[in-house]
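The values are calculated or read from the model by the stated rules, or taken from the named source; none is laboratory data. Predicted model, so just to flag it, every value in this text is computed and none were measured. With ideal geometry, Cβ positions are generated from the backbone for all residues, glycine too; neighbour counts draw on all protein chains shown. Just the protein is used for accessible areas: all its heavy atoms, side chains included, with ligands, DNA and RNA removed. Shrake-Rupley method; radii C 1.70, N 1.55, O 1.52, S 1.80 Å.
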Amino acid sequence: MGLALSVRDLVVEGDRGRRLLRIGALDIPAGSRIGVRGPSGAGKSTFLYAIAGLIALKSGTVSWGAEAISAKNASERARFRRERVGMIFQDFLLFEELPALGNAALAASYAAKAERTRIAEGAAAMLAHLGLGDHRDRAVDSFSGGERQRVAVSRALAADPPIILADEPTASLDRAAADRLIGDLADLAETRGKTLIAVSHDAALHERMDRVIDIVDGCWTGEG
């Protein structure tokens, strides 16, 4: 089951105190599918990284369920991500020399010994679910863009995390591959009860979400 997100008085600053993001109050129920849209440079990715605990906050709190990750140190936030968050990036971030399964099961290399088999099996199951089960031993440098993104999705979900965070997941894909990925993410989130938050300019992705949040000039301006 997904986790609920609660954000209060969040402020992120950049160099020389320049404000990058400010959100007064935002609540997202567990299991929601949320799209985040806005102009380039508006603070969408900053928002995603803030709620993932990847960047430090100037002030405010970010809580997933009962855990205030904004109160954790960098090591504790990294552990939270390993255990609870699946992240999907626009640029795939795959190891070209590894096969699909090696990439998808990468988290097993950093997990506790007792968790490694479960993660590897989860990676294989996700590749099969996304239509790549027969290609799990192929090096990813031979894959198309859509196939590479499905490997990245399999890696993000191999450990069955309750939270999926995606940053422009369809931006590098052609329309057909993008539509398939949107369907995969939305269906996986719905059927497995995960909380999905996806930053995107893609209107087709927003149509599959439960809510769409607008961020403009570093501020949450409402919902579409």
* Asked: Can you pull the accessible area of His129 for me, 1.4 Å probe, Å² to the nearest 10?
  -> 110 Å²
* With a sphere of radius 12 Å drawn around the Cβ of Arg19, what net charge do the other residues whose Cβ falls strictly inside it have (Lys, Arg +1; Asp, Glu -1)? -> +1
* Asked: What is the helix-to-structure angle for 175-192, meaning the angle in degrees between its Cα long axis and the longest Cα principal axis of the chain, kept from 0 to 90 and rounded to the nearest 10?
  -> 80 degrees
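What trypsin sites (Lys or Arg not before Pro) does the stretch 8-55 have in DSSP loop regions with at most 15 other beta carbons within 10 Å?
Arg18
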* Structure fact -> The helix 145-157 Cα axis meets the longest alpha-carbon principal axis of the chain at an angle in degrees, between 0 and 90 and rounded to 10, of 70 degrees
* To do: Report which label in [x] 1.12; [y] 0.99; [z] 1.21 holds the value of Cα Rg over 2.2 N^0.38 Å derived from the coordinates of this structure.
  => [y]
* Asked: Can you tell which of Ala52, Ala176, Ala108 shows the greatest fluctuation in a Gaussian network model of the chain with Cα springs below 10 Å?
  -> Ala176
* **Charge dipole (the stretch 13-90, unit charges on Cβ, about Cα centre) - positive-most of Gly86, Ser75, Leu20** => Leu20
* Label-point separation, Asn73 to Asp210 (7 Å along Cα→Cβ), nm -> 3.6 nm
* Of all accessible surface on the chain at a 1.4 Å probe, what whole percent is carbon and sulfur? -> 48 percent
* To do: Using the Karplus curve 6.51 cos²θ - 1.76 cosθ + 1.60 with θ = phi - 60°, work out ³J(HN,Hα) for each residue of the stretch 25-35 in order, rounded to whole Hz, and write x for Gly and Pro.
  => 7, 8, 10, 10, x, 4, x, 7, 10, 10, x
* To do: Only residues of the stretch 152-178 count here: report those whose backbone N is under 18 Å from the spot 7 Å along Cα→Cβ of Leu93, or say none.
  => 152-173
* Between Ala30, Ala123, Ala100, find the one with the highest GNM mean-square fluctuation for the chain; connect C-alpha pairs within less than 10 Å. => Ala30
* Structure fact -> Between the Cα axis of helix 113-129 and the main Cα principal axis of the chain, the angle (0 to 90°, nearest 10) is 80 degrees
* Along the charge dipole of the stretch 89-154, which of Gly102, Ser144, Ala123 sits closest to the positive end, that is, farthest toward it, with unit charges on the beta carbon of Lys, Arg, Asp and Glu (+1, +1, -1, -1)? -> Ala123
* Taking GluC sites (Glu not before Pro) as exposed when DSSP calls them loop (any state but H, G, I, E, B) and at most 16 other Cβ atoms lie within 10 Å, what is the longest stretch of the chain free of them, the sites themselves excluded? -> 98-224
* To do: Rounding to the nearest 20 debye, state how big the charge dipole of the chain is about its Cα centre with +1 on each Lys and Arg Cβ and -1 on each Asp and Glu Cβ.
  => 660 debye
* Structure fact -> The aspartates and glutamates whose Cα lies under 18 Å from the Cα of Lys194, excluding any fewer than 8 residues away in the same chain, are Asp27, Glu67, Glu83, Asp160, Asp167, Asp184, Glu207, Asp210
